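Have a look at the structure below before the remarks.
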Amino acid sequence: MGGLKVTPTSRFNFLGAGPKIFRYLMRKNNVATLEELVEAAKVLGINLYACEMAMHVLGLKKEDFIPEVKDVLGVASFLNLSEGGQTLFI
């Protein structure tokens with residue numbers, strides 16, 4: 001859908017200015033960009049999964065995501081898969 005650099009920032013997209021504003025604030029506050037975070041996740045071997053329900057609500061398909069998204073999971077499947085591991089839900 002355009003890549004990480006133009007990803008809308010939810011309700012704070014401000015007619016397309018949202019990503020630029022957030023990028024500016026991230027640089028100003030010395031915070032890693034989305035691209036840098038995804039690259040670090042790849043290096044660390046982190047598994048990225050998409051939420052099936054959120055995709056349905058937003059009208060998204062797996063093809064809309066970056067290739068690093070390993071799979072699409074429902075809540076029950078995700079909880080089963082993540083049992084005993086560290087989980088970060090975003």
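The values are calculated or read from the model by the stated rules, or taken from the named source; none is laboratory data. Computed from a prediction, not measured in an experiment: that's the story for all the values here. FYI the Cβ positions are ideal-geometry reconstructions off the backbone, even for glycines, and counts take in every protein chain you see. In case anyone asks, the SASA skips ligands and DNA or RNA and just uses the protein heavy atoms, side chains included. Shrake-Rupley method; radii C 1.70, N 1.55, O 1.52, S 1.80 Å.
A few remarks follow.
- Those residues of segment 79-90 which are open to solvent by 60 Å² or more (accessible area, probe 1.4 Å) and either at pLDDT below 90 or not in a helix (DSSP H, G or I) (or both), in sequence order: Leu79, Leu81, Glu83, Gly84, Gln86, Thr87, Leu88, Phe89, Ile90
- The residue list Met53, Met26 contains one member that is open to solvent by less than 90 Å² (accessible area, probe 1.4 Å) and not in a loop (DSSP other than H, G, I, E, B), which is Met26.
- Taken over segment 56-78, the criterion of being outside any loop (DSSP other than H, G, I, E, B) and under 30 Å from Lys20 (Cβ atoms) is satisfied by His56, Val57, Leu58, Lys62, Glu63, Asp64, Val69, Lys70, Val72.
- Looking only at residues of segment 47-81 that are free of Cβ contacts under 8 Å to residues at least 60 places away in the same chain and of a type in the set (Asp, Glu), we find that the one that is nearest to Leu34 (Cα to Cα) is Glu68.
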